[in-house]
Amino acid sequence: MAPAIPLVHRDPDLFPAPDDFDPDRFLSADPPVAGWIPFGGGQRRCVGSRLALLELLELQTVVSAVLGRFELAAAEAAPERQRVRGVTLTPGKGARVVVGRRLG
């Protein structure tokens, strides 16, 4: 058994205008408990969850600092197929990247 996250996010009892794309619906101090399933859980918890919850300015600072010093590139040119793992989709080969120092 697994939660049907897309159905939860489209529940009109939890969210007004449930079919509209509105990420701001989660910015209130108390998002609905039954409708807040952002990052999965357990071993499959989203690795970017802590970064995603940082304040916007902190997030911009961290990402700017990393991308200002390093270059990221896909390890393979061909797009990866997605794989279903539990209730989430994951890159089939693990989304490998090559990290190099940015020159200049």
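Just from its helices, what would the mean residue ellipticity at 222 nm be for the chain, if runs of 4 or more DSSP H residues each count -39500 (n - 2.57) and the sum is divided by every residue, rounded to the nearest 500 deg cm²/dmol?
Working: 3 runs with 23 residues, N = 104.
Counting only the DSSP helices, I get -6000 deg cm²/dmol.
For the chain, what's the relative contact order in percent, using C-alpha pairs closer than 8 Å and at least 6 residues apart? Intermediate results must be reported in sequence, preceding the final value.
On the way: 69 pairs, mean separation 21.5, N = 104.
Taking the mean separation of contacting Cα pairs over the length of the chain, I get 21 percent.
Would you mind counting up the charge near GLU76? Only other residues with Cβ under 12 Å from its Cβ, with Lys and Arg at +1 and Asp and Glu at -1. List each step's numbers first, then the result.
Numbers: positive: ARG81, LYS93, ARG96; negative: GLU80.
Summing Lys and Arg as +1 and Asp and Glu as -1 gives +2.
What does the charge count around ARG10 come to, taking other residues whose C-beta lies under 12 Å from its C-beta (Lys +1, Arg +1, Asp -1, Glu -1)? Don't skip to the end; give the middle numbers.
Working: positive: ARG25; negative: ASP11, ASP13, ASP19, ASP20, ASP22.
Cβ neighbours under 12 Å give a net charge of -4.
In the neighborhood of ASP22, defined by Cβ-to-Cβ distances under 15 Å, what is the net charge if each Lys or Arg adds +1 and each Asp or Glu adds -1?
On the way: positive: ARG10, ARG25; negative: ASP11, ASP19, ASP20, ASP24.
My count for the surroundings of ASP22 gives -2.
Counting only residues 5 or more places away or on other chains, whose amide H sits under 5 Å from the amide H of THR88 once H atoms are built in the peptide plane?
Hits under the 5 Å cutoff: none.
With θ taken as phi - 60° and the coefficients 6.51, -1.76 and 1.60, list the Karplus ³J(HN,Hα) couplings across the range 16-25 in order, rounded to whole Hz; mark glycine and proline as x.
x, 6, x, 8, 7, 6, 8, x, 5, 4
Leaving ligands and nucleic acids out of the surface, order VAL63, VAL97 by accessible area at 1.4 Å, largest first. Don't skip to the answer; put the middle values down first.
On the way: VAL63 60, VAL97 85 Å².
Accessible-area ranking of VAL63, VAL97, largest first: VAL97, VAL63.
The values are calculated or read from the model by the stated rules, or taken from the named source; none is laboratory data. If you're wondering where the values come from, they're calculated on a predicted model, not measured in any experiment. Note: ideal-geometry Cβ built from the backbone for every residue, glycine included; neighbour counts use all protein chains shown. These accessible areas exclude ligands, DNA and RNA; they are computed on the full protein's heavy atoms, side chains included. Shrake-Rupley method; radii C 1.70, N 1.55, O 1.52, S 1.80 Å.
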